[in-house]
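The values are calculated or read from the model by the stated rules, or taken from the named source; none is laboratory data. Values in this document were obtained by computation on a predicted structure and should not be read as measured data. Please note: Cβ atoms are built from the backbone with ideal geometry, for glycine as well, and neighbour counts cover all protein chains shown.
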Amino acid sequence: MDLRQVSVTNIKGIGDKTAKCLKKLQVESVSDLLWYVPRSYIRYPEITPVSEVRDGMTVAVCGTVNSDFSERQTSKMLVTTFSIKDANSRISSIHLEMVFFRQTYLKNIFRAGRTFVFYGTVKNKGFGYTMEMPEYFTCEDYERKKSSLQGVYPLTKGISSKTIGKHIQSCINEFFPVTDEFDAEFIKKNSLLSLSDAFRHIHFPNDMREALEARNTLVFHEFYNFLKQIEESKSKNTQCPSDYSIHDFSLSKRYEESIPFTLTNAQKNTLSEIREDLSSGFCMRRLIQGDVGSGKTMVAFLAMADLANAGFQCAMMAPTEVLATQHFEKLCKDNEKYELHLKPVLLTGSFTAAKKRAIYKGIETGEYNIIIGTHAIFQEKVSFRNLSLVITDEQHRFGVKQREMLSEKGNMPHTLVMSATPIPRTLTLTLYADLKISVMKDMPAKRLPIKSCVITPELRKNAFALIREQIAAGHQAYIICPMVEENEDIALENVTSYHEKMDAFFKGSVRYGILHGRMKPKEKNDVMEAFAKKDLDVLISTTVVEVGIDVPNATVIMIENAERFGLAGLHQLRGRVGRGDAQSYCIFINGSGKNSENERLEVLHKSNDGFFIAEEDLRLRGPGDINGIRQSGDMQFILADIIQDYDILMKVKESLDF
């Protein structure tokens with residue numbers, strides 16, 4: 001049975017309401033649910049006597065329900081309250097109040113005299129201690145739970161980690177064992193778990209060793225399927241004849257001579273390799289791997305100019321609407337200024353239906369020969385007249401299957417993919433085995449090296465002072481946090497409450513916006529557009545800002561809890577600044593208090609070379625930390641990290657002869 005085709009509603013206990021909540025988490029099939037792994041783990045503690053609880057403590061208490069159960073309806077919700085007394089103490093005068101919101105069924109559960117274990121954070125409300133929305137268990141259930149780790153899952157409104165765990169257990173009971181991709185001999189030879197055991201242990205491990213063993217097995221499976229796709233793509237595209245060969249490169253040469261700067265040697269070499277591909281008679285399949293700011297987009301424009309001049313269409317896809325718009329506006333400006341006679345158009349998902357229809361018609365008739373946009377340019381309704389070249393910017397965001405889907409929109413067009421994520425050469429040859437590779441290391445002559453430093457949280461005020469100076473000089477800044485919102489289990493800076501630090505220092509003197517992955521696409525686009533237009537001084541963001549926006553006016557980026565990221569990911573973030581002529585600065589805040597992390601981060605202080613940093617990252621990062629923040633969700637992996645799990649990737653490659 002293919003569990004990818006089985007809806008979660010087939011699991012006992014999941015109705016339409018729960019299914020809607022799960023869909024918000026992109027969990028729609030049984031397979032999705034099994035792969036919805038915990039972001040961290042907790043171990044439930046021993047019971048704390050009610051008399052010993054204090055404000056702010058997260059504890060488990062065993063209490064008997066008193067007879068003061070009450071429900072009151074406020075203007076917004078139903079509030080349920082009752083108190084408990086310690087079930088194991090003779091002292092009956094010490095009570096702890098329980099508070100629940102919007103739980104209409106509780107009166108059938110919490111009857112006077114019944115005993116439960118409650119787990120949550122204690123708050124002092126002035127009139128006594130309370131627990132709001134605690135987890136609750138029978139005493140027997142809690143003893144069982146206490147013996148193993150409990151998963152903490154990414155959540156959405158209307159669903160809890162406890163509920164997700166319950167449904168996963170039901171899934172295991174109903175659908176296991178699952179079919180393994182590997183036979184028993186292969187599993188034993190490569191020290192893997194069966195797929196069924198891996199899913200059991202990733203969700204319900206007895207200890208961290210068991211969780212890590214399960215994770216490594218699932219990472220192995222992810223890499224196996226990824227490399228299998230690469231091999232299939234490679235075999236399909238080997239020496240495929242092209243209908244779009246050209247030999248006239250006069251327009252791009254005139255374009256190159258007109259621009260007010262000289263291409264770097266790396267740009268010239270890459271352009272030469274592209275021209276050789278385009279005139280070979282075969283389909284180009286090429287990756288431009290260039291460090292941030294190395295000028296990949298200019299090379300892409302030059303390649304598109306020649307194909308458009310030959311009467312063909314080209315499509316360029318960017319990961320965000322803001323970046324697509326920036327590319328389009330730059331090309332339009334050059335088109336007019338240098339009289340290139342190109343016919344570009346912008347297409348994004350936010351356009352009105354009428355505007356899209358008009359653009360679709362123009363694309364189909366050939367009125368437009370360069371189409372720049374987001375995923376919208378490859379929707380089913382878009383029909384090209386003679387698509388000759390597909391360019392994906394930051395292609396690692398799209399994946400192998402999507403890459404093939406783009407090619408299918410035309411009659412085997414040329415493919416040019418671009419990535420600013422520096423990875424070691426061994427990884428490049430593995431992950432992009434279906435592509436020829438051009439490496440661009442040189443930087444434009446006017447670019448000043450970014451000045452970087454590593455500081456502790458105690459010096460944050462100094463960093464804020466630098467940001468204030470740069471804003472006063474007319475520039476902008478980024479502040480990066482690893483978390484979207486506060487988490488009781490992980491003490492890290494978060495985007496949602498960071499305004500408190502900003503307000504305390506800047507006293508309302510700067511304009512700032514907030515950006516994170518849980519926002520709706522339009523909300524994200526509006527914030528990025530406001531920052532690009534200089535309507536915001538500071539952008540407080542998670543790593544979603546890593547790609548998708550080009551703001552030459554931004555001169556400072558400050559990264560909180562930098563110790564939680566890989567070096568290559570930090571270098572990618574640093575590349576958000578230093579894109580103009582002004583001196584730029586990057587501040588890494590090490591919140592761990594460990595000197596060893598200072599030493600690791602010093603690599604970034606010493607070098608701006610992304611490829612050197614990627615090699616150092618591979619050398620310095622230790623075994624996978626299952627609770628760590630992954631830096632390469634780029635490749636569309638759920639668990640795998642191409643740097644952290646390098647050894648597993650190479651093991652897959654070796655064992656499967658890829």
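Only one of Ile259, Ile187 is of a type outside the set (Phe, Trp, Tyr) and buried (at least 18 other Cβ atoms within 10 Å of the Cβ); which?
Working: Ile259 fails: buried (at least 18 other Cβ atoms within 10 Å of the Cβ).
Unique residue meeting the criteria: Ile187.
Six or more apart or on different chains, Cβ atoms under 7 Å: show the pairs whose first residue is in the stretch 335-357 and assigned by TED's automatic domain parsing to the domain that holds Phe261 and whose second is among the acidic types (Asp, Glu).
Close Cβ pairs satisfying both conditions: Leu340/Asp334; Lys343/Glu367; Thr348/Glu321; Ser350/Glu321.
Name the pairs whose Cβ atoms lie under 6 Å apart, with the first residue in the stretch 460-483 and surrounded by 23 or more Cβ atoms within 10 Å (Cβ to Cβ), the second modelled with pLDDT under 95 and in a helix (DSSP H, G or I), and 6 or more positions between them or separate chains?
Ile480/Leu573
Scan the stretch 291-310 for residues that are among the small types (Gly, Ala, Ser), in contact with a helix residue (DSSP H, G or I) (Cβ under 8 Å, 6 or more places away or on another chain) and within 17 Å of Lys441 (Cβ to Cβ) and jot them down.
Ser294, Gly295
Taking only the stretch 420-453 into account, find how many residues are within 25 Å of Asp647 (Cα to Cα), out of contact with any Gly (no Cβ under 7 Å at 6 or more places or on another chain) and assigned to a loop (DSSP other than H, G, I, E, B).
7
Kindly indicate which of Gly63, Gly56 is touching a Ser or Thr at 6+ places or on another chain (Cβ under 8 Å), of a type in the set (Gly, Ala, Ser) and assigned to a loop (DSSP other than H, G, I, E, B). Break it down into steps so the answer makes sense when it comes.
On the way: Gly63 fails: assigned to a loop (DSSP other than H, G, I, E, B).
Answer to the selection: Gly56.
Can you give me the number of residues within the stretch 220-257 that are under 16 Å from Ala308 (Cβ atoms) and in a helix (DSSP H, G or I)?
Going through the stretch 220-257 one residue at a time, the tally reaches 7.
Could you say which residue among Gly128, Gly120 is in the same structural domain as Val59 (by TED's automatic domain parsing), surrounded by 13 or more Cβ atoms within 10 Å (Cβ to Cβ), of a type in the set (Gly, Ala, Ser) and modelled with pLDDT under 95? Full working, then the answer.
Values: Gly128 fails: surrounded by 13 or more Cβ atoms within 10 Å (Cβ to Cβ).
Of Gly128, Gly120, the one residue that is in the same structural domain as Val59 (by TED's automatic domain parsing), surrounded by 13 or more Cβ atoms within 10 Å (Cβ to Cβ), of a type in the set (Gly, Ala, Ser) and modelled with pLDDT under 95 is Gly120.
Buried (at least 19 other Cβ atoms within 10 Å of the Cβ) and hydrophobic (A, V, I, L, M, F, W, C), is that true of Leu435? Walk me through it before giving the result.
On the way: buried (at least 19 other Cβ atoms within 10 Å of the Cβ): yes; hydrophobic (A, V, I, L, M, F, W, C): yes.
Answer is yes for this residue.
Restricting attention to the stretch 8-27, and to residues there that are surrounded by 13 or more Cβ atoms within 10 Å (Cβ to Cβ), of a type outside the set (Val, Ile, Thr) and more than 14 Å from Asn173 (Cα to Cα), which single residue is farthest from the chain's Cα centre (by Cα)?
My answer is Ala19.
Give the residues of the stretch 548-596 that are of a type in the set (Asp, Glu) and assigned to a loop (DSSP other than H, G, I, E, B), sorted by residue number.
Going through the stretch 548-596, the residues of a type in the set (Asp, Glu) turn out to be 550, 560, 563, 581.
Selection gives Asp550, Glu560, Asp581.
Applying the selection to the stretch 331-364, what residues are assigned to a loop (DSSP other than H, G, I, E, B) and either of a type outside the set (A, V, I, L, M) or at pLDDT below 95 (or both)? Give the derivation first.
We begin by selecting, within the stretch 331-364, every residue assigned to a loop (DSSP other than H, G, I, E, B); these are 338-343, 348-352.
Answer for the stretch 331-364, where residues must be assigned to a loop (DSSP other than H, G, I, E, B) and either of a type outside the set (A, V, I, L, M) or at pLDDT below 95 (or both): Tyr338, Glu339, His341, Lys343, Thr348, Gly349, Ser350, Phe351, Thr352.
Determine, yes or no, whether Val292 is of a type in the set (Val, Ile, Thr) and either under 20 Å from Gly366 (Cβ atoms) or surrounded by fewer than 24 Cβ atoms within 10 Å (Cβ to Cβ) (or both).
On the way: of a type in the set (Val, Ile, Thr): yes; either under 20 Å from Gly366 (Cβ atoms) or surrounded by fewer than 24 Cβ atoms within 10 Å (Cβ to Cβ) (or both): yes.
Yes.
Out of the residues in the stretch 497-508 meeting the condition of being surrounded by 12 or more Cβ atoms within 10 Å (Cβ to Cβ) and over 26 Å from Val59 (Cα atoms), tell me which one is nearest to the chain's Cα centre (by Cα). Reasoning before the result, please.
Taking the stretch 497-508 as the starting set, the residues that turn out to be surrounded by 12 or more Cβ atoms within 10 Å (Cβ to Cβ) are 497-499, 501-503, 505-506.
From the residues that got through so far, the ones that are over 26 Å from Val59 (Cα atoms) too are 498-499, 501-503, 505-506.
On the way: Tyr498: 20, His499: 22, Lys501: 25, Met502: 25, Asp503: 28, Phe505: 30, Phe506: 30 Å.
Taking the candidates together, the pick is Tyr498.
For Asn269, which of the numbered conditions (1) crowded, with 22+ Cβ neighbours inside 10 Å; (2) over 21 Å from Gly311 (Cβ atoms); (3) not aromatic (Phe, Trp, Tyr) fails to hold?
All conditions are met except number (1).
Going through the stretch 463-484 one residue at a time, which ones are under 21 Å from the mean Cα position of the chain (by Cα) and assigned to a loop (DSSP other than H, G, I, E, B)?
Residues satisfying the conditions are Cys481, Pro482, Val484.
Matching residues to (1) aliphatic (A, V, I, L, M); (2) in contact (Cβ under 8 Å) with a residue 12 or more places away in the chain; (3) within 30 Å of Ile84 (Cβ to Cβ):
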| site | (1), (2), (3) |
| --- | --- |
| Ala112 | yes, yes, yes |
| Phe118 | no, yes, yes |
| Thr121 | no, yes, yes |
| Met133 | yes, yes, yes |
| Tyr153 | no, yes, yes |
| Lys166 | no, yes, yes |
| Thr179 | no, yes, no |
| Asp207 | no, yes, no |
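Among the candidates Asn553, Asn561, Asn525, single out the residue that is within 20 Å of Cys586 (Cα to Cα) and within 17 Å of the chain's Cα centre (by Cα).
Values: Asn553 fails: within 17 Å of the chain's Cα centre (by Cα); Asn525 fails: within 20 Å of Cys586 (Cα to Cα).
None of the other options fit; the residue is Asn561.
Specify the residue that is farthest from Glu329 (Cα to Cα); the eligible residues are those in the stretch 516-541 that are surrounded by 21 or more Cβ atoms within 10 Å (Cβ to Cβ) and free of Cβ contacts under 8 Å to residues at least 40 places away in the same chain.
For the stretch 516-541, the residue satisfying everything is His516.
Yes/no matrix, rows are residues, columns are (1) modelled with pLDDT under 90; (2) farther than 30 Å from Asn525 by Cα; (3) under 31 Å from the mean Cα position of the chain (by Cα):
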{"site": "Phe282", "(1), (2), (3)": "no, yes, no"}
{"site": "Ile288", "(1), (2), (3)": "no, no, yes"}
{"site": "Val299", "(1), (2), (3)": "no, no, yes"}
{"site": "Met304", "(1), (2), (3)": "no, no, yes"}
{"site": "Ala318", "(1), (2), (3)": "yes, no, yes"}
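Could you tell me which residue of the stretch 1-51 is modelled with the highest pLDDT, considering only residues that are part of a strand (DSSP E or B) and of a type in the set (Val, Ile, Thr)? Give the derivation first.
Filtering the stretch 1-51 down to residues part of a strand (DSSP E or B) leaves 7, 29, 40-42, 47.
Restricting the remaining residues to those that are of a type in the set (Val, Ile, Thr) gives 42, 47.
Numbers: Ile42: 87, Ile47: 95.
It comes out as Ile47.
Which of the residues spanning the stretch 535-546 are in a loop (DSSP other than H, G, I, E, B) and under 13 Å from Leu515 (Cβ atoms)? First the steps, then the outcome.
Taking the stretch 535-546 first, the residues in a loop (DSSP other than H, G, I, E, B) are 535-537, 542.
Within the stretch 535-546, Leu536, Thr542 meet the criteria.
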